[in-house]
Amino acid sequence: MLRIVLPVAFALVCGTALAEPVTGIAMHGAPALPQDFKNLPYVNPDVKKGGKISYGVVGTYDNLNPFILKSMRTTARGMWDPEYGNLVYETLMLRSRDEPFTLYGLLAQSVEWDDDRTYIQFNLNPAARWSDGQPVTPEDVIFSFNILKEKGRVPFSTRLNAVEKMEKVGDNSVRFTFNDKADREFPLILAGSTPILPRHAIDAENFDRSTLKPPIGSGPYKIKSLKPGESITFERDPNYWGKDVPAKVGLDNYDQITVQYFLQDTTLFESFKKGDIDVYPDGSPGHWASAYNFPAVTSGDVVKDTFQPKLPSGMFGFVFNTRRPLFADVKLREGLSLIFDFEWANKNLFSSAYIRTQSYWQNSGLSSFGVPADERELKLLGPIKDRIDPAILDGTYKLPVTDGSGRDRNVLKQAAAILKEAGYTIKNGRMSDANGRPLSFEIMTQNTDQEKLAVSFQRSLQLLGISVSIRTVDDSQYQSRTNTFDYDVIVKSFTSSLSPGIEQVGRWSSASRDRDGTDNFAGVADPDVDKLIQNILTSRSAEDFTAAVRAHDRMLLSGHYVLPLYHVNNQWVARSKRIGRPDTVPLYGYQLPAWWDQSVQ
């Protein structure tokens with residue numbers, strides 16, 4: 001049972017000398033910046049704050065509470081946002097985007113922990129304030145974790161599962177002592193991924209209900225106005241307590257931030273062309289190459305930027321829902337995965353702009369692609385190695401390259417042979433099982449780009465007598481059905497970082513399979529996958545960590561849960577010339593919270 005102690009005398013907390021307080025912590029090794037750093041390396045510390053920016057997104061919103069299951073995927077952007085910044089709510093520490101996984105002080109001015117990471121103590125910044133002027137207190141921290149456990153959504157609701165004791169220490173500190181469920185990443189998750197909420201301003205009884213009531217937070221912005229489903233506007237809090245905190249210098253540079261909502265990306269882009277939207281991140285190479293011939297580009301009023309982050313590729317592909325009995329057979333998933341003709345799609349749909357994805361961490365040292373498993377990795381795998389495709393284990397595996405015709409007989413023959421192992425053969429022009437039941441399923445898509453991919457896949461599947469229907473649904477229905485895993489196949493993107501950790505539990509572990517709202521879209525529930533994820537979470541050295549991620553990568557690839565599609569190594573962003581940006585591009589690529597309005601004098 002979790003023990004909560006309020007208060008506790010500082011000197012009696014553990015009976016031993018406390019660790020030296022530090023302003024930064026890292027998952028592996030030491031933080032890159034010194035204790036007395038002045039600002040993050042990818043910001044302009046001398047930027048003139050002011051002005052405004054307007055972002056555009058496709059979708060809708062009906063909620064301002066991003067921490068509950070209800071409306072979790074239709075919460076207004078900006079409240080708790082990895083792209084635009086956490087404008088309203090904050091964490092105890094802020095993650096640097098120029099290091100794999102390093103955190104620096106925010107609400108917590110400093111922290112203390114031991115080498116074994118059996119506890120972490122957060123010493124709050126005495127200057128920290130809520131937007132109504134009330135101080136941020138240890139009681140707020142403790143309240144936040146408790147209310148999220150009781151009424152929050154995963155993963156916030158599970159944070160205290162690994163905590164033995166949570167206690168106030170002295171006047172301004174909170175200590176978390178961990179139980180045996182904690183791993184080495186867990187202290188950083190508490191510090192950098194958990195929102196701190198104002199105890200005095202939260203309606204605890206109704207916390208799990210959607211709301212459009214503007215909340216009180218400790219962040220740099222307050223809500224100025226909102227039109228549900230259409231737009232939300234934030235204004236800078238002139239009394240924001242943290243503007244001089246080193247990790248926040250050079251960030252949050254606008255007086256006003258507006259997020260506008262659109263039903264389709266084409267409409268959003270038209271709004272950008274007219275100047276109503278200031279920034280347009282572009283994920284389509286064909287669109288990036290051909291769509292920017294409008295007057296604002298010619299005149300220089302719109303600037304096109306290409307960034308090259310030093311990140312793994314991630315995985316974008318068709319996800320098979322193994323909760324469906326049809327997709328419980330790995331041989332069936334493997335056979336289907338060979339049928340998609342990447343070369344045809346890349347040439348005919350994308351002007352040959354994409355690279356085929358072969359690993360969840362491609363383009364990084366964490367990838368298993370082209371790398372044979374070494375002794376360290378084989379030891380971590382143990383008997384699990386016998387379940388991994390030998391070609392994936394020795395680094396020689398590669399998805400087949402077709403002739404680009406859309407009907408490569410050799411590849412189709414190979415796929416048919418694997419499907420036969422799964423019990424399916426072609427009878428009277430239809431792929432059927434031993435009982436004569438045809439092989440058929442539905443692909444659910446949410447936009448025209450996904451629909452094009454699905455049609456391409458459908459076309460190839462028909463060559464083997466496999467019947468596939470495609471259903472494109474609106475954003476609200478898509479979010480509802482993905483929350484409850486009500487689909488056969490969907491198209492999803494899984495981002496990858498240089499410090500994978502607890503998010504792997506949400507995506508691939510047995511614990512997340514049957515929890516609505518998790519990211520386990522494939523429905524994976526495999527004790528061996530669980531073990532490999534645990535190896536990642538408990539790794540102490542960089543070498544063990546790399547071996548653990550590669551082993552996990554190989555297991556996911558061998559499971560054929562996702563049919564890998566493609567990636568690009570660049571980030572493309574078009575912006576109004578009024579919007580300035582730093583010259584330095586951090587490890588994780590461009591960071592919108594560090595940009596500013598150049599028209600401010």
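The values are calculated or read from the model by the stated rules, or taken from the named source; none is laboratory data. Keep in mind that what you see is a predicted model, and the values were worked out from it rather than measured. Every residue, glycine among them, receives a Cβ derived from its backbone with ideal geometry; neighbour counts consider all protein chains shown.
Any residue at all in region 68-79 that is in a loop (DSSP other than H, G, I, E, B) and among the β-branched types (Val, Ile, Thr)? Full working, then the answer.
Just the residues of region 68-79 that are in a loop (DSSP other than H, G, I, E, B), to begin with: 68-71, 76-79.
Okay, now just the ones that are also among the β-branched types (Val, Ile, Thr), so 68.
Yes.
Can you name every residue in region 486-508 that is of a type in the set (S, T, N, Q) and out of contact with any Pro (no Cβ under 6 Å at 6 or more places or on another chain)?
First, pick out the residues of region 486-508 that are of a type in the set (S, T, N, Q): 493, 495-497, 499, 504.
If the condition is that a residue be of a type in the set (S, T, N, Q) and out of contact with any Pro (no Cβ under 6 Å at 6 or more places or on another chain), then 493, 495, 497, 504 are the ones that fit.
Take the conditions (1) closer than 30 Å to residue 426 by Cα; (2) part of a loop (DSSP other than H, G, I, E, B); (3) touching a helix residue (DSSP H, G or I) at 6+ places or on another chain (Cβ under 6 Å); residue 516 misses just one of them, which is (1). The set of residues from region 466-485 being touching a Leu at 6+ places or on another chain (Cβ under 8 Å), part of a strand (DSSP E or B) and more than 12 Å from residue 318 (Cβ to Cβ) comprises just one member, 467.
When only residues in region 100-130 that are within 22 Å of the chain's Cα centre (by Cα) and at pLDDT below 95 count, which is surrounded by the most Cβ atoms within 10 Å (Cβ to Cβ)? Once the filter is applied, the top-ranked residue is 100.
Within region 584-601, the set of residues being among the hydrophobic types (A, V, I, L, M, F, W, C) and out of contact with any strand residue (DSSP E or B) (no Cβ under 9 Å at 6 or more places or on another chain) comprises 587, 594, 600. A single member of 171, 183, 203, 208 is modelled with pLDDT of 95 or more, within 24 Å of the chain's Cα centre (by Cα) and of a type in the set (D, E, K, R), and it is 208.
Taking residue 292 as the residue in question, decide whether it is modelled with pLDDT of 95 or more, under 24 Å from the mean Cα position of the chain (by Cα) and not charged (D, E, K, R). So that I can check it myself, show each step before the final result.
Numbers: modelled with pLDDT of 95 or more: yes; under 24 Å from the mean Cα position of the chain (by Cα): no; not charged (D, E, K, R): yes.
For residue 292, the condition - modelled with pLDDT of 95 or more, under 24 Å from the mean Cα position of the chain (by Cα) and not charged (D, E, K, R) - is not met.
Just for region 89-134: of the residues that are charged (D, E, K, R) and assigned to a strand (DSSP E or B), which one is nearest to residue 591 (Cα to Cα)? Outline the logic, then answer.
So in region 89-134, the residues charged (D, E, K, R) come out as 90, 95, 97-99, 112, 114-117, 129, 132.
If we keep only those that are assigned to a strand (DSSP E or B) too, we end up with 90, 95, 112, 129.
Numbers: 90: 17, 95: 12, 112: 29, 129: 25 Å.
Taking the candidates together, the pick is 95.
For (1) part of a loop (DSSP other than H, G, I, E, B); (2) out of contact with any Gly (no Cβ under 7 Å at 6 or more places or on another chain); (3) in contact (Cβ under 8 Å) with a residue 12 or more places away in the chain, each residue gets a yes or a no:
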{"residue": "487", "(1), (2), (3)": "yes, yes, yes"}
{"residue": "493", "(1), (2), (3)": "no, no, yes"}
{"residue": "499", "(1), (2), (3)": "yes, yes, yes"}
{"residue": "506", "(1), (2), (3)": "no, yes, yes"}
{"residue": "535", "(1), (2), (3)": "no, yes, yes"}
{"residue": "552", "(1), (2), (3)": "no, yes, yes"}
{"residue": "558", "(1), (2), (3)": "no, yes, yes"}
{"residue": "574", "(1), (2), (3)": "no, yes, yes"}
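With respect to residue 426, determine if the residue is among the β-branched types (Val, Ile, Thr) and over 14 Å from residue 338 (Cβ atoms). Spelling it out, residue 426 is indeed among the β-branched types (Val, Ile, Thr) and over 14 Å from residue 338 (Cβ atoms).
Conditions tested, residue by residue: (1) buried (at least 22 other Cβ atoms within 10 Å of the Cβ); (2) within 30 Å of residue 287 (Cα to Cα).
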position	(1), (2)
531	no, no
552	yes, no
557	yes, no
566	no, yes
572	no, yes
577	no, yes
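All conditions in (1) surrounded by 15 or more Cβ atoms within 10 Å (Cβ to Cβ); (2) not in a helix (DSSP H, G or I) hold for residue 271, with the sole exception of (2).
Within region 169-208, being assigned to a strand (DSSP E or B) and either farther than 19 Å from residue 127 by Cα or among the aromatic types (Phe, Trp, Tyr) (or both) holds for 175, 176, 177, 178. Here residue 540 meets each of (1) within 30 Å of residue 379 (Cβ to Cβ); (2) within 18 Å of the chain's Cα centre (by Cα) with one exception, condition (2). Scanning region 440-462 for residues that are of a type in the set (Ser, Thr, Tyr) and within 24 Å of residue 483 (Cβ to Cβ) yields 445, 448. Residues satisfying the criterion are present in region 341-351 (criterion: closer than 19 Å to residue 492 by Cβ, touching a helix residue (DSSP H, G or I) at 6+ places or on another chain (Cβ under 6 Å), buried (at least 22 other Cβ atoms within 10 Å of the Cβ) and touching a residue at least 12 places away in the same chain (Cβ under 8 Å)).
Within region 238-260, the set of residues being buried (at least 21 other Cβ atoms within 10 Å of the Cβ) and farther than 25 Å from residue 37 by Cα comprises 257, 258, 259.
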